1. Does any residue of the stretch 104-123 turn out to be of a type in the set (D, E), modelled with pLDDT of 95 or more and over 28 Å from V315 (Cα atoms)?
2. Looking only at the stretch 33-51, count how many residues are of a type in the set (V, I, T) and farther than 30 Å from Y115 by Cα.
3. Considering the stretch 139-163 alone, what residues qualify as being out of contact with any Gly (no Cβ under 9 Å at 6 or more places or on another chain) and in a loop (DSSP other than H, G, I, E, B)?
4. Working only within the stretch 229-258, note down all residues that are on the phi > 0 side of the Ramachandran plot and either charged (D, E, K, R) or open to solvent by 30 Å² or more (accessible area, probe 1.4 Å) (or both).
5. Kindly list the number of the only condition in (1) assigned by the TED database to the domain that holds G211; (2) open to solvent by 60 Å² or more (accessible area, probe 1.4 Å); (3) within 30 Å of E96 (Cβ to Cβ) that fails for K325.
6. All but one of (1) over 25 Å from N374 (Cα atoms); (2) in contact with a strand residue (DSSP E or B) (Cβ under 7 Å, 6 or more places away or on another chain); (3) aliphatic (A, V, I, L, M) hold for M295; which doesn't?
7. Just give me the residues in the stretch 85-106 being in a loop (DSSP other than H, G, I, E, B) and either exposed (fewer than 14 other Cβ atoms within 10 Å of the Cβ) or assigned by the TED database to the domain that holds Q240 (or both), in sequence order.
8. Check S261 against each of (1) under 27 Å from M19 (Cα atoms); (2) assigned to a helix (DSSP H, G or I); (3) within 22 Å of the chain's Cα centre (by Cα) and name the one condition it does not meet.
Amino acid sequence: METTFLKSILDNDFYKFTMQHAVIRLFPKAKVRYGFINRGKHVFPAGFADLIRRSVDAMADLRLTKEEKSYLTHYCPYLDPTYLDFLQGYSFDPSEVHITQEGSDIKITIEGFWYRTILWEVPLMSLISELFYKSNHLIRLNDDAIKEVTKNKIDNYNKLGVSILEFGTRRRHSYQVHELVNETLRTYGGQSFMGTSNVHFAMINNRRPLGTHAHEWFMFHAAQYGFKMANSISLEHWTQVYGGDLGIALTDTYTTNIFFSQFDKKYSKLFDGVRHDSGDPVEFAQKVISHYTKMGIDPKSKAIVFSDSLNFDKVKIISDFCKDKIKMSFGIGTNFTNDVGLPSMNMVIKLVETKPDHASWQGVVKLSDEKNKNTGTPEMIALAKQVLGI
């Protein structure tokens, strides 16, 4: 059976590189474990683990090219030259990825130094998704139909007058579909299309890549410094590395209510805005506007990036509420890169354990604003809630 290979080491979400840069600077000795979670209970065919293994093994040959390094140097000046030199010498180590299959169930774990293993999650998920459709011989819409679907969507967003970001690397149908979508967005995006979180396609589009940090940044800090200090120290370390750049803060690792209770005036002023990733988006927008108002900050000077399972109908509802109240943009993932006439996959790869320097292995927790998005053992989730008073 034909397997799938990545074309570029930059075929990954930008926040993985920004976090890797920060991890190298601050936590070079930390180790982590990631685990695959099959939320959609997808049934994998016989031999699927071998397909993934071959794709993963081939990633060892990927290298940052001179052209890619020049692109990052130009568009991402806040990345240290020493980091870009490191990335030029970096290669994936397939021995960090452990893949087994029992019947139709797949188990995947990733383990190693955080600064090395942090780049696996997104490309590995994109490979799992593409191989799932390929190995099950599922037929997608043809190229022209995908272009038409994408064009109609961005035309509607242009009419709505909103800013759209493409966030669809992790659960894309395939590289080919992702390429078609970006090509169409680039051609017909008008004022709405702001760019992509995928660094490879951002380079092709000749635009800066989009993104800041992910939940794992806060989850690691909770393991290192405790649940009560996780948000504030995570933000402090981010500003230590990036100053005022990359200033969109993720809010829902330990629920937005806890986040905003710790998002003091210093951080509220320093960060450009916040990202919504779970829970009711209109309620979230109300909380954000109220928070900035309480801090004496004009909400219109700040922004919300919405990124939770968006489609046009959701974007319109959110936009109608936020208009003239606060700046907004919309990160759309699967609805762009896996709207091909087939059911999209529901899966994640999440940080599950960390080993900070001079400490033992311990489980990590995410307390989303949606209960079914919580991750961690029941015992650790209960401890986090007790400590945080949830």
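1. Going residue by residue through the stretch 104-123, those that are of a type in the set (D, E) are 105, 111, 121.
Those still in the list that are modelled with pLDDT of 95 or more too: 105, 111, 121.
Right, trim to over 28 Å from V315 (Cα atoms) and you get 105, 111.
For the stretch 104-123, residues of a type in the set (D, E), modelled with pLDDT of 95 or more and over 28 Å from V315 (Cα atoms): present.
2. Keep residues of the stretch 33-51 that are of a type in the set (V, I, T), which gives 37, 43.
Those still in the list that are farther than 30 Å from Y115 by Cα too: 43.
Qualifying residue count for the region: 1.
3. N142, G161, V162, S163
4. Applying the first criterion (on the phi > 0 side of the Ramachandran plot) to the stretch 229-258 yields 243, 246, 255.
Of everything in the stretch 229-258, just one residue is on the phi > 0 side of the Ramachandran plot and either charged (D, E, K, R) or open to solvent by 30 Å² or more (accessible area, probe 1.4 Å) (or both), namely G243.
5. (3)
6. Every condition holds for M295 apart from (2).
7. So the first thing to find is which residues in the stretch 85-106 are in a loop (DSSP other than H, G, I, E, B), and the list is 90-93, 103-104.
The answer is S91, G103, S104.
8. Checking S261 against (1) under 27 Å from M19 (Cα atoms); (2) assigned to a helix (DSSP H, G or I); (3) within 22 Å of the chain's Cα centre (by Cα), the one that fails is (3).
The values are calculated or read from the model by the stated rules, or taken from the named source; none is laboratory data. Predicted model, so just to flag it, every value in this text is computed and none were measured. Positions of Cβ are generated from backbone atoms using ideal geometry, with glycine treated the same way; all protein chains shown enter the neighbour counts. Just so you know, the surface numbers come from the protein's heavy atoms only, side chains and all, with ligands and any DNA or RNA stripped out. Shrake-Rupley method; radii C 1.70, N 1.55, O 1.52, S 1.80 Å.
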